[in-house]
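K.L.:
Structure provided below as structure tokens; questions to follow.
The values are calculated or read from the model by the stated rules, or taken from the named source; none is laboratory data. Just so you know, these numbers come straight off a predicted model, no measurement behind them. Reconstructed Cβ throughout: ideal geometry from the backbone, glycine too, with neighbour counts over all protein chains shown. Areas reflect the complete protein model, heavy atoms only, side chains present, ligands, DNA and RNA absent. Shrake-Rupley method; radii C 1.70, N 1.55, O 1.52, S 1.80 Å.
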Amino acid sequence: MSAGLYIHVPFCASVCPYCDFAVTLAGEERRQAYVAGIGREAALAAADGLKFDTVYLGGGTPSALAADQLGEILGAVRGRLQVGEDTWTFLEINPEDVSAASVSAWRELEVRTVSLGVQSFDDAALGFLGRRHTADDARRALDRLREGGFATVSLDLIYGLPGQSADGWCRQLEEAAARSADHLSCYQLTIHSGTVFGRRQARGSLGEAVEPVQAELFLLTHRVLAELGYEGYEVSNFATAPRHRSRHNLKYWSHEPYLGLGPSAHSFVGRRRFWNQRRLRAWQRAVDAGCRPLEGSEELGDAELALEAIMLGLRTADGVDLGSLRSRYGVDLVELNRRAIERFCDGGHLVLDSGRLRPTVSGMAIADTLARELEVGASG
Ligand code: SF4
């Protein structure tokens, strides 16, 4: 089974008020040290012996690095790790970094999927989210990327903003479709403590949409996008055709191995999860000293792995592969949960078919609740 390689690029030009990713405003000197550090970390990780068929540059803002720095990173991982010839390379991009020159440089780096952080086509929403681009910048960037000939152009959008109406959100989806996005990732606004929005929430001046509104917007998003020709293949992800699904993220959702490089990156290999130092300085110190920059790790038992596979599976339209659950973790899910599964099927949340337990859209909306109701036995 080929693994996925994730590279966390922590640099951003400013920090958005809702962001809780590991990001930094560090300048050129630390960027160059980071680029060299990724090469060192790749050399250290080569001993794991993994073979990769996807490489995902996420962040942070990978497009904030110069094209030759991205080239150095890709050259290092392609040279030091077993990265196959036909590997699919993904790049997260912010609209302000898109120019004719950057598009052609990214094409030369053999990037196949670009994921553009549009977030909204509405200037007031972009202002609220503290983004550096305008709606017109996003439109121009999208046109450029489309003309660039990438295999898949994906957009990120955020919904559930204070004061946003259902109609206003539908207009965002319609514009994304009208501009021929192949793939959409749509996330509800989540407020994390430790962010600017988190502090505003603590003071009572900001809040997330209440639960019934969140559920309504979730179902609306899936319904409208289905009408616009997008398959909701995961809770937050939509594609116009199977070839545009994120083959890298599918590895996370189907419990396949992945390795993360860079500060805060997580890995899953065999039964082991491990994660890197979150802060750039701590990560850099470790790789410069020739050590794996790990902050923690855990070994998972069969029951934990099975529960995780169910939780992840029920977030995807393909659902849980029952045969794989049995052979990998020794769990016969239907045998253990006959009554509950019947109840969820009768309630229109799950469908049992061809060896898979699939969620309907209403099932996806409560995927975590469904998973928690299912027994996986006491093994592991
Ligand atoms: S651009 Fe993205 S990663 Fe950077 S601060 Fe904003 S939300 Fe976070």
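K.L.:
Here is a list of conditions, (1) closer than 23 Å to PRO293 by Cβ; (2) in contact with a Gly (Cβ under 9 Å, 6 or more places away or on another chain), and GLN69 meets all of them except one; can you say which number that is?
P.N.:
With respect to (1) closer than 23 Å to PRO293 by Cβ; (2) in contact with a Gly (Cβ under 9 Å, 6 or more places away or on another chain), GLN69 is out only on (2).
K.L.:
Output the number of residues of the stretch 122-131 satisfying the condition of being surrounded by fewer than 22 Cβ atoms within 10 Å (Cβ to Cβ) and within 16 Å of the ligand (Cβ to nearest atom).
P.N.:
5
K.L.:
In the stretch 228-246, what residues are open to solvent by 30 Å² or more (accessible area, probe 1.4 Å) and assigned to a strand (DSSP E or B)?
P.N.:
If the condition is that a residue be open to solvent by 30 Å² or more (accessible area, probe 1.4 Å) and assigned to a strand (DSSP E or B), then GLU231 is the only one that fits.
K.L.:
Just to be sure, is LEU91 within 16 Å of the ligand (Cβ to nearest atom), open to solvent by less than 20 Å² (accessible area, probe 1.4 Å) and under 21 Å from the mean Cα position of the chain (by Cα)?
P.N.:
Yes.
K.L.:
Continuing with the same structure: I need the full set of residues from the stretch 298-320 which are open to solvent by 30 Å² or more (accessible area, probe 1.4 Å) and in contact with a Lys or Arg (Cβ under 6 Å, 6 or more places away or on another chain), in order please.
P.N.:
Answer for the stretch 298-320, where residues must be open to solvent by 30 Å² or more (accessible area, probe 1.4 Å) and in contact with a Lys or Arg (Cβ under 6 Å, 6 or more places away or on another chain): GLU298, GLU299.
K.L.:
Checking the structure you have, find out if any residue of the stretch 50-67 is part of a helix (DSSP H, G or I), more than 16 Å from the ligand (Cβ to nearest atom), closer than 22 Å to PRO257 by Cβ and at pLDDT 95 or above.
P.N.:
Scanning the stretch 50-67, I find no residue that is part of a helix (DSSP H, G or I), more than 16 Å from the ligand (Cβ to nearest atom), closer than 22 Å to PRO257 by Cβ and at pLDDT 95 or above, so the answer is no.
K.L.:
Please work out which one of (1) under 24 Å from ARG358 (Cα atoms); (2) exposed (fewer than 13 other Cβ atoms within 10 Å of the Cβ) is the condition GLY204 fails and give its number.
P.N.:
(1)
K.L.:
Collect the residues in the stretch 1-38 that are away from the ligand (no atom under 16 Å from the Cβ), over 17 Å from the mean Cα position of the chain (by Cα) and either within 14 Å of LEU57 (Cβ to Cβ) or in a loop (DSSP other than H, G, I, E, B) (or both), keeping them in residue-number order.
P.N.:
Matches in the stretch 1-38: MET1, SER2, VAL35, ILE38.
K.L.:
List every residue pair whose Cβ atoms sit under 9 Å apart, with the two residues 6 or more apart in sequence or on different chains, where the first one lies in the stretch 315-343 and is touching a residue at least 60 places away in the same chain (Cβ under 8 Å) and the second, anywhere, is part of a helix (DSSP H, G or I) and among the aromatic types (Phe, Trp, Tyr).
P.N.:
Here the result reads ARG315/TRP253; THR316/TRP253; ASP318/TRP253, each pair linking the stretch 315-343 to a residue that is part of a helix (DSSP H, G or I) and among the aromatic types (Phe, Trp, Tyr).
K.L.:
Anything in the stretch 103-121 that is over 18 Å from THR134 (Cα atoms) and within 16 Å of the ligand (Cβ to nearest atom)? List them, or say none.
P.N.:
VAL114
K.L.:
Can you tell me which residue is surrounded by the fewest Cβ atoms within 10 Å (Cβ to Cβ) among those in the stretch 34-55 that are in contact with a helix residue (DSSP H, G or I) (Cβ under 6 Å, 6 or more places away or on another chain) and hydrophobic (A, V, I, L, M, F, W, C)?
P.N.:
Among those residues, the one meeting the criterion is ALA46.
K.L.:
So, in the stretch 132-167, exactly how many residues are more than 16 Å from the ligand (Cβ to nearest atom), in contact with a strand residue (DSSP E or B) (Cβ under 9 Å, 6 or more places away or on another chain) and outside any helix (DSSP H, G or I)?
P.N.:
Qualifying residue count, the stretch 132-167: 5.
K.L.:
Among the numbered conditions (1) open to solvent by 50 Å² or more (accessible area, probe 1.4 Å); (2) under 22 Å from the mean Cα position of the chain (by Cα); (3) among the β-branched types (Val, Ile, Thr), tell me where VAL351 comes up short.
P.N.:
For VAL351, the failing item is (2).
K.L.:
Also, I was wondering about something else. Against the condition assigned to a loop (DSSP other than H, G, I, E, B) and buried (at least 18 other Cβ atoms within 10 Å of the Cβ), how does LEU225 come out, does it pass?
P.N.:
no
K.L.:
Kindly establish whether ALA42 is in contact (Cβ under 8 Å) with a residue 40 or more places away in the chain and within 16 Å of the ligand (Cβ to nearest atom).
P.N.:
no
K.L.:
Would you pick out the residues in the stretch 112-131 that are in contact with a strand residue (DSSP E or B) (Cβ under 8 Å, 6 or more places away or on another chain) and hydrophobic (A, V, I, L, M, F, W, C)?
P.N.:
VAL114, LEU116, VAL118, ALA125, LEU126, LEU129
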